[in-house]
Amino acid sequence: MYTCFVAFWASAISIWAYAMLAAGTQRELGTGGAGVSLEELARHASEADCWMAIDGVVYDVTDYIPRHPTSPAVMTPWCGKDASDAYRTKGYGRPHSPAADAMLPEYRVGPLLPDG
């Protein structure tokens, strides 16, 4: 009984600690926290360094490309660009799932600065 009690609390604390660490590793990579310019976004336009803007927010999706359910060729044309329409329609009118929406904050860089 004692072993089960200790194992339970060790697991619970481990899960809590992991959640705290994961929350602390969210990216805010932009230029000084002020946001990301279109020029900066355009510098991240390859599969090896892929940032995309979706609805006014820039995401570094480089690490996600290999895990995306489709081939990299579906995502890479949008690297370094505003991919809002592509994200909303998947190119054929279907939006991404709520699960995809829930993953976005993990890849957040910062807000996209208005052009000007």
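The values are calculated or read from the model by the stated rules, or taken from the named source; none is laboratory data. Being a predicted model, the structure only gives us computed values, none of them experimental. FYI the Cβ positions are ideal-geometry reconstructions off the backbone, even for glycines, and counts take in every protein chain you see. Surface areas here come from the heavy atoms of the whole protein model, side chains and all, with no ligands, DNA or RNA. Shrake-Rupley method; radii C 1.70, N 1.55, O 1.52, S 1.80 Å.
Taking the highest mean first, how do the peptides 104-113, 84-93, 36-45 order by number of other beta carbon atoms within 10 angstrom per residue?
Final packing ranking: 104-113, 36-45, 84-93.
Can you tell me how the stretch 36-92 classifies by the Cα gyration tensor, rounded, prolate or oblate, using a/c under 1.5 as the rounded cut?
Verdict is oblate for the stretch 36-92.
On a 1.4 Å probe surface of the protein chains, which of Asp60, Asp49 comes out largest in accessible area, and what is the full order?
My answer, sorted largest first, is Asp49, Asp60.
Of Thr3, Thr70, which has the most accessible area with a 1.4 Å probe, and how do the rest follow in descending order?
Sorted by accessible area, descending: Thr3, Thr70.
Evaluate Rg over Rh across the stretch 61-100, taking Cα atoms for both radii and Kirkwood's formula for Rh.
Rounded to two decimals, Rg/Rh equals 0.92.
Given labels modelled 7 Å from the Cα in the Cβ direction, how far is it in nm from Leu38 to Ala100?
Placing both labels 7 Å along Cα→Cβ, they lie 2.5 nm apart.
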